[in-house]
Amino acid sequence: MIKALRGTKDILPDEISLWQRIEAIGRDIFYIYGYNEIKTPIIEEASLFTRSIGGATDIVQKEMYVFCDRGGRNIALRPEATASIVRSYIENSLSQSGRGSKLFYIGPMFRAERPQQGRQRQFYQIGLEAIGSDNPFIDAEVIAVSVRFLERLGIEKFHVKLNSLGCQKDKIRVIEKHKENLRPHIEKLCETCKARFDKNVLRIFDCKEVSCRAIVENVRLEKALCYECTSHFERVKAGLDAIGIKYTIDHKIVRGIDYYTGTVFEITQGSLGAKDAICAGGRYNNLVKELGGKDTPAIGFAFGMERLVLALGDTKEAEGAGLGVDVVVAVTGEQLYGEAFKLTESLRKAGIASEIDYDAKSLKAQMRKAEKLGAKFVIIVGEEELKKGKVILRDMKNSNQEEVSLSEIITKLK
RNA sequence: GUGGGUGUAGCUCAGUGGUUUAGAGCACUAGACUGUGGCUCUAGGGGCCGGGGGUUCAAAUCCCCUCAUCCACCCCA
């Protein structure tokens with residue numbers, strides 16, 4: 001038997017309404033904040049991601065799906081959306097379109113990680129990008145959208161963590177400084193931290209090993225960022241304070257993607273175990289330029305859909321799976337299906353969601369089916385009533401039923 | 001990629017070497033109710049016991065491999 005590939009899964013009809021609700025609320029709130037939807041291809045030239053995310057990162061080195069297509073091109077399944085959107089922004093000159101610089105997306109991403117709950121190989125992200133401004137209020141706005149989104153979804157107990165990595169110069173200087181400070185202690189670090197020393201020093205500060213933590217305590221930097229970055233960050237915080245968004249400063253928030261600069265943030269949600277980040281984002285002021293565009297600042301975030309679904313299933317019971325039908329048409333005999341079929345079609349043409357079970361044997365079975373489908377009404381097509389040009393209309397809520405003539409049935413239902 | 005747990009009916013699980021046809025609850029189908037749902041009772045269908053190999057007279061049960069999944073790492077949304 002052929003099964004779904006490792007780390008991929010079907011989203012079945014029972015669950016899909018929850019997904020649709022999340023997407024609908026997302027679209028709604030993003031439009032309110034002035035963002036427009038964009039869909040970019042799932043496949044891109046692989047170098048787009050090695051250049052943006054960073055060739056040394058795990059995402060590119062270990063997790064990206066790369067293959068050669070028939071034309072010998074080096075293709076990657078997108079591991080995230082930001083690079084694609086920036087590529088599209090440059091390629092389509094969206095900076096010139098007037099409204100093209102605030103964009104959101106919903107779609108599948110691919111990373112060949114080891115799967116666990118809330119982490120698939122094909123997973124879905126919903127996120128947005130605000131390209132073109134370095135104003136701290138945009139940072140605050142972007143964070144506000146993500147918070148309002150969660151509020152509208154009814155997800156509670158989430159937590160916004162905020163940090164600033166500083167501009168490119170700061171970033172490089174901070175990293176060099178840390179390396180310098182840590183180099184004498186490198187032998188005492190744990191194995192993963194030794195690897196982190198070259199790959200991502202900042203993460204050493206997040207290590208859970210006691211020995212590493214002890215070393216790290218003494219080498220923390222004060223006033224690591226330049227004046228501009230410090231004051232930008234202060235104004236982001238002031239912006240958030242002004243609109244009542246709660247957050248905590250967390251210097252351990254270090255993104256694993258190279259393009260981030262300045263403001264970075266993460267939203268965690270308690271009930272998700274170790275994978276508790278449902279949203280992450282930040283500034284990437286150098287990316288547009290690095291990908292061949294004009295020097296353009298930008299900021300964005302992405303939510304993990306699966307994690308939203310998990311968080312939502314936790315707070316609320318996944319309310320009313322499926323939509324249910326308005327009407328089930330039932331017959332009392334095989335020979336009446338012709339009439340019933342016609343009636344069902346006219347109901348559907350009138351916009352009334354209707355179902356008819358062509359294979360059911362007994363009326364009882366058809367009633368049970370109607371119950372299961374959550375039908376509000378059942379129309380029983382019976383021989384005797386039909387002779388009078390009538391059918392039985394049964395209200396499933398209060399069990400009342402009456403004879404209604406065929407010509408009136410639609411207006412009666414509306 | 002590393003370490004550990006788990007895989008038995010659609011779902012949740014019991015069964016840890018030996019009654020002939022592997023069980024329960026829920027779900028499903030039907031009957032009681034011959035033209036009427038929900039409740040109750042009764043019956044029925046549905047299992048390559050994740051897959052492959054091995055040990056044994058005998059394997060769901062023991063061993064090896066493999067696949068999937070979950071947890072913790074790594075990393076990340």
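Summary table
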{"item": "Boolean, A:Glu141 is assigned to a loop (DSSP other than H, G, I, E, B), in contact (Cβ under 8 Å) with a residue 40 or more places away in the chain and under 27 Å from A:Glu23 (Cα atoms)", "result": "no"}
{"item": "Subset of segment A:69-93 (residues that are basic (Lys, Arg) and over 19 Å from the mean Cα position of the chain (by Cα))", "result": "A:Arg70, A:Arg73, A:Arg87"}
{"item": "Residue list for segment A:347-383, filter: more than 21 Å from A:Asn398 (Cβ to Cβ), in a loop (DSSP other than H, G, I, E, B) and over 33 Å from the mean Cα position of the chain (by Cα)", "result": "A:Ala350, A:Asp357, A:Tyr358, A:Asp359, A:Ala360, A:Lys361, A:Ser362"}
{"item": "Residue satisfying condition, being at pLDDT below 95, closer than 16 Å to A:Glu345 by Cα and part of a loop (DSSP other than H, G, I, E, B), within set A:Ser407, A:Ser399", "result": "A:Ser407"}
{"item": "Residues of segment A:30-56 classified as without any contact (Cβ under 8 Å) to a residue 24 or more places away in the chain, away from RNA strand B (no atom under 16 Å from the Cβ) and either in contact with a Phe, Trp or Tyr (Cβ under 9 Å, 6 or more places away or on another chain) or not in a helix (DSSP H, G or I) (or both), total", "result": "1"}
{"item": "Looking only at segment A:67-93, and only at residues there that are within 15 Å of RNA strand B (Cβ to nearest atom) and among the hydrophobic types (A, V, I, L, M, F, W, C), the one that is nearest to A:Gln120 (Cα to Cα)", "result": "A:Leu77"}
{"item": "Count of segment A:1-58 residues which are more than 20 Å from the chain's Cα centre (by Cα), exposed (fewer than 14 other Cβ atoms within 10 Å of the Cβ) and at pLDDT 95 or above", "result": "2"}
{"item": "Number of positions in segment A:130-154 that are within 16 Å of RNA strand B (Cβ to nearest atom) and within 19 Å of A:His232 (Cα to Cα)", "result": "2"}
{"item": "Residue that is surrounded by the most Cβ atoms within 10 Å (Cβ to Cβ) [pool: residues in segment A:385-400 that are touching a residue at least 12 places away in the same chain (Cβ under 8 Å) and within 9 Å of RNA strand B (Cβ to nearest atom)]", "result": "A:Val391"}
{"item": "Helices (runs of 4 or more DSSP H) contained in segment A:156-248 and holding at least 3 residues within 14 Å of RNA strand B (Cβ to nearest atom)", "result": "A:191-199, A:210-217"}
{"item": "Some residue of segment A:310-332 being part of a helix (DSSP H, G or I), without any contact (Cβ under 8 Å) to a residue 12 or more places away in the chain and not hydroxyl-bearing (Ser, Thr, Tyr)", "result": "no"}
{"item": "Number of positions in segment A:346-384 that are exposed (fewer than 13 other Cβ atoms within 10 Å of the Cβ) and either within 8 Å of RNA strand B (Cβ to nearest atom) or more than 18 Å from A:Gly324 (Cβ to Cβ) (or both)", "result": "10"}
{"item": "Subset of segment A:2-29 (residues that are farther than 23 Å from A:Leu150 by Cα and not in a helix (DSSP H, G or I))", "result": "A:Ile2, A:Lys3, A:Ala4, A:Leu5, A:Arg6, A:Gly7, A:Thr8, A:Lys9, A:Asp10, A:Leu12"}
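The values are calculated or read from the model by the stated rules, or taken from the named source; none is laboratory data. A quick note: this is a predicted structure, and the numbers were derived from the prediction, not measured. Virtual Cβ from ideal backbone geometry, glycine too; neighbours counted across all protein chains shown.
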